[in-house]
Structure formats: C-alpha cells, structure tokens
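Novice: Got a structure for you, written out below as structure tokens; questions coming shortly.
The values are calculated or read from the model by the stated rules, or taken from the named source; none is laboratory data. On a predicted model such as this, the values are computed, not experimentally measured, just so you know. Cβ placement follows ideal geometry from the backbone for every residue including glycine, while neighbour counts extend to all protein chains displayed. Surface areas here come from the heavy atoms of the whole protein model, side chains and all, with no ligands, DNA or RNA. Shrake-Rupley method; radii C 1.70, N 1.55, O 1.52, S 1.80 Å.
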Amino acid sequence: MVIAKEPLPGRVKTRLTPPFTPERAAALAAAALADTLQAVLRAPARRRVLVLEGRPGPWLPPGIDVVPQVAGGLDERLAAAFAGCDGPTLLVGMDTPQICPEVLAPALAEDAWADCDAFLGPAADGGFWALGLAAPDPGLLRGVPMSTPRTGALQERRLLEAGLRVRHLPVLRDVDTAADAHAVAAAAPGTRFAAELGR
C-alpha cells in the first residue's frame, strides 16, 4: 500500500512553501508519488493499492487499485488502510521517492515473515516511512501520536508491547522541508523527483 494525497497546489507539501510556490511544491509531490508508485510496481506483490486522499488523475499508472482514505487523524487513516487488508501487508508513504525494490525486498521476500511479525522503516526525522504487518491489526496504529520526533519509537513500542517480533528496514530521509528535498534528490539523482527539483 501507498498512502498519499492527490498532488494539488496548496494541499500537499505545504512545508516546502516557501521557498517553493504551492504549484512547484505540488509538482515535487507528484514526482515523488510517481517514483513511489513505480517502485511499488517493480516490487513483488500480489496486490498494489493506493490509499488516496483526493481523486486519481492521469498520473496514476495501471496496475494499482485505489481506495479512499477515511477521515480523521493520520493514525486513524493508517489503521483504516490496514483494516481493509488480509494477509501480510507493507505500507509506505509518498515522501520517500528514493525507495526501490531492493530497499523493500526484505519485507516482500517469500520468507519475509518466517521470523518476524512486523517490519518498520524508520525515518531520519524520528517518524517512519514504512510499516509492514504479517496480520494487519488496526489497533496497532490507533492512538499512536503521529508527526512527532518520537513517532517511530512509539509505533515500535506499540508493536513490541503487542508481542510482535519486529525487523527494521533501512533508515530513510523523507521529504518535508526544502533541505530534505535537496538531500533526497542528491541521494537519488535518477528519480523523477530529482529531475523535477532540478527544474
């Protein structure tokens, strides 16, 4: 699953303005989403789902199902996304356009769930960019404070307190600020995101 917002000016990546205009921030968000969806399409999965706030547009490639996000805080939206799943599920955000199948591979391998119950991809800012659950349980996300420097640690604690065996994916930097955008583009120069930032 990819959780995302429709890339509309003034609705996405508002922390990039300034220095970017709302239109440029939306273009960067669209590029990041395109990179993320392409990585998901190239990765092995039985089903690929975009959990979307807004409406799909011409930027949506074939092969991805779309389900709407529910109303509420991010914890409720993530919980609802997992509530619609049956079997092992990996969720990523649209803020890490540098992801690739190799980064996702540990959670998507045939034996990925043989020795763990959850995968967590920590973000450099203290959040998380990926969460995988062998048995999706919305209760594992509801009430976890989101968008704080301790969100990743608090989410991991919730998983561990539930008795789950947790494995980590690599730490990645997500794009929230202009400094993040430049750092991510430099680390992944072949992405649509980097090309859009260059423009």
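Novice: Identify the single condition in (1) under 18 Å from Asp174 (Cα atoms); (2) without any contact (Cβ under 8 Å) to a residue 24 or more places away in the chain; (3) of a type in the set (Val, Ile, Thr) that Thr21 does not satisfy, given that it satisfies every other one.
Specialist: (1)
Listed here are the residues, each with its yes/no results for (1) open to solvent by 40 Å² or more (accessible area, probe 1.4 Å); (2) within 27 Å of Asp180 (Cα to Cα).
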| site | (1), (2) |
| --- | --- |
| Arg55 | yes, yes |
| Asp65 | yes, no |
| Val70 | yes, no |
| Asp75 | no, yes |
| Leu78 | no, yes |
| Phe82 | no, no |
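Novice: Six or more apart or on different chains, Cβ under 8 Å: which pairs go from a residue in region 178-199 that's among the polar types (S, T, N, Q) to one that's crowded, with 21+ Cβ neighbours inside 10 Å and in a loop (DSSP other than H, G, I, E, B)? Could you list them?
Specialist: Short answer, once both residue conditions are applied: Thr191/Pro97; Thr191/Gln98.
Novice: I've got another one for you. Scan region 134-158 and report the pairs whose first residue is in a loop (DSSP other than H, G, I, E, B) and whose second residue is charged (D, E, K, R) and open to solvent by 60 Å² or more (accessible area, probe 1.4 Å), with Cβ atoms within less than 7 Å and a gap of 6+ or a chain change.
Specialist: From region 134-158, the pairs are Arg142/Glu76; Val144/Arg158; Pro149/Asp125.
Novice: Looking for whichever is closer than 18 Å to Cys100 by Cβ, open to solvent by 60 Å² or more (accessible area, probe 1.4 Å) and in contact with a helix residue (DSSP H, G or I) (Cβ under 9 Å, 6 or more places away or on another chain) here; the options are Pro44, Pro18, Pro9, Pro61. Which one fits?
Specialist: Answer to the check: Pro44.
Novice: Additional query: Can you tell me how many residues within region 59-103 are farther than 20 Å from Ala195 by Cα, assigned to a loop (DSSP other than H, G, I, E, B) and either in contact (Cβ under 8 Å) with a residue 60 or more places away in the chain or not small (Gly, Ala, Ser) (or both)?
Specialist: Residues meeting the conditions: 8.
Novice: Inspect region 24-32 for any residue being assigned to a loop (DSSP other than H, G, I, E, B) and farther than 19 Å from Ala135 by Cβ and give the result as yes or no.
Specialist: No, because not a single residue in region 24-32 is assigned to a loop (DSSP other than H, G, I, E, B) and farther than 19 Å from Ala135 by Cβ.
Novice: A follow-up question, please. Only one of these is over 15 Å from the mean Cα position of the chain (by Cα) and buried (at least 17 other Cβ atoms within 10 Å of the Cβ): Ala114, Ala25. Name it.
Specialist: Of Ala114, Ala25, the one residue that is over 15 Å from the mean Cα position of the chain (by Cα) and buried (at least 17 other Cβ atoms within 10 Å of the Cβ) is Ala25.
Novice: Return yes when Ala107 is among the small types (Gly, Ala, Ser), at pLDDT 95 or above, touching a helix residue (DSSP H, G or I) at 6+ places or on another chain (Cβ under 9 Å) and in a helix (DSSP H, G or I) and no when it is not.
Specialist: It is false that Ala107 is among the small types (Gly, Ala, Ser), at pLDDT 95 or above, touching a helix residue (DSSP H, G or I) at 6+ places or on another chain (Cβ under 9 Å) and in a helix (DSSP H, G or I).
Condition check ((1) crowded, with 16+ Cβ neighbours inside 10 Å; (2) more than 15 Å from the chain's Cα centre (by Cα); (3) at positive phi) across all residues:
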residue: Leu141; (1), (2), (3): yes, no, no
residue: Leu159; (1), (2), (3): yes, yes, no
residue: Asp174; (1), (2), (3): yes, no, no
residue: Asp180; (1), (2), (3): yes, yes, no
residue: Ala186; (1), (2), (3): no, yes, no
residue: Ala194; (1), (2), (3): yes, yes, no
